[in-house]
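Engineer: Once you've had a glance at the structure underneath, I'll fire off some questions.
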Amino acid sequence: MAVSYTTTTGSPAGVQGSYELNLTKGHEGMLGNAASYTALAYENESGAVIPFGHAVINNGSGTADLSAKLPAGASATQVVGIALDSLTFVLDDNAKTADGRKGYPAEKACNILSEGIAYVYSAHAVSVGDDVRLFHTNSASVGSNSGYAGRFGKTAEAGKTFLVSGARWLSSCAAGGIALLEIDAAALSVTADT
């Protein structure tokens, strides 16, 4: 039996003929580079949702050795990493904060990036080389800039942010945008803005 072929002049079905020059940025808590990173499974024993892309601290009042919670105040200096949105754990689509930020539900394991690159929300416009700041307390302008505890930015807010060493911006974004942040929790230190 002979097989015959017909030629087509357009793009064949199922084949993408063009690509965007710039890829869409990732979403909050998405791993930015899988080349080399360290993530550990922490327990969320905080009693609240830990949103993706937010920095977390060691939960000294937890019962697990690796227990995490969101920062809460200027004394919350033991930053252990960033909550990753990962497929490692079964996620609950209903696990959201009151304002709709998705994350890990209370009393569940969560994937925390301690060394590597992640997409995070920035309350301020940032560029490569800008200072990295972490909200340890909700921003005074949280209603307009979404500077919730655990999120990042570059502008100091007295009594609300830490200056972070051991982290750096790898991309830029407008205020309220998503940018790549590299973190090394083992070398990370924070200084409260007063």
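The values are calculated or read from the model by the stated rules, or taken from the named source; none is laboratory data. Note that the structure is predicted; figures quoted are calculated from it, not measured. Every residue, glycine among them, receives a Cβ derived from its backbone with ideal geometry; neighbour counts consider all protein chains shown. With ligands, DNA and RNA removed, areas are computed over all heavy atoms of the protein, side chains included. Shrake-Rupley method; radii C 1.70, N 1.55, O 1.52, S 1.80 Å.
Engineer: Would you mind finding the one in L163, L180, L188, L134 that is aliphatic (A, V, I, L, M) and in contact with an Asp or Glu (Cβ under 7 Å, 6 or more places away or on another chain)?
Structural biologist: Residue meeting the stated conditions: L163.
Engineer: Hey, any hits in segment 163-180 for a residue that's among the charged types (D, E, K, R) and in a loop (DSSP other than H, G, I, E, B)? Step through it out loud before you land on a result.
Structural biologist: Keep residues of segment 163-180 that are among the charged types (D, E, K, R), which gives 168.
Checking which are in a loop (DSSP other than H, G, I, E, B) leaves us with none.
No, segment 163-180 has no match at all.
Residue by residue, here is whether (1) open to solvent by less than 10 Å² (accessible area, probe 1.4 Å); (2) β-branched (V, I, T); (3) in contact with a Gly (Cβ under 6 Å, 6 or more places away or on another chain); (4) assigned to a strand (DSSP E or B) holds:
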residue	(1), (2), (3), (4)
N111	no, no, no, yes
A118	yes, no, yes, yes
V128	no, yes, no, no
R133	no, no, yes, yes
N138	no, no, no, no
S144	no, no, no, no
G150	yes, no, no, no
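Engineer: In segment 33-54, what count of residues is obtained for those that are part of a loop (DSSP other than H, G, I, E, B), touching a residue at least 60 places away in the same chain (Cβ under 8 Å) and open to solvent by less than 30 Å² (accessible area, probe 1.4 Å)?
Structural biologist: 2
Engineer: Suppose we filter segment 62-99 for residues that are open to solvent by 40 Å² or more (accessible area, probe 1.4 Å) and part of a loop (DSSP other than H, G, I, E, B); how many remain? I'd like the intermediate steps shown before the answer.
Structural biologist: Initially, segment 62-99 is screened for residues open to solvent by 40 Å² or more (accessible area, probe 1.4 Å), giving 63, 65-66, 69-70, 72, 74-75, 77-78, 85, 87-94, 96, 98-99.
From what's left, part of a loop (DSSP other than H, G, I, E, B): 63, 65-66, 70, 72, 74-75, 77-78, 85, 87-94, 98-99.
The qualifying residues number 20.
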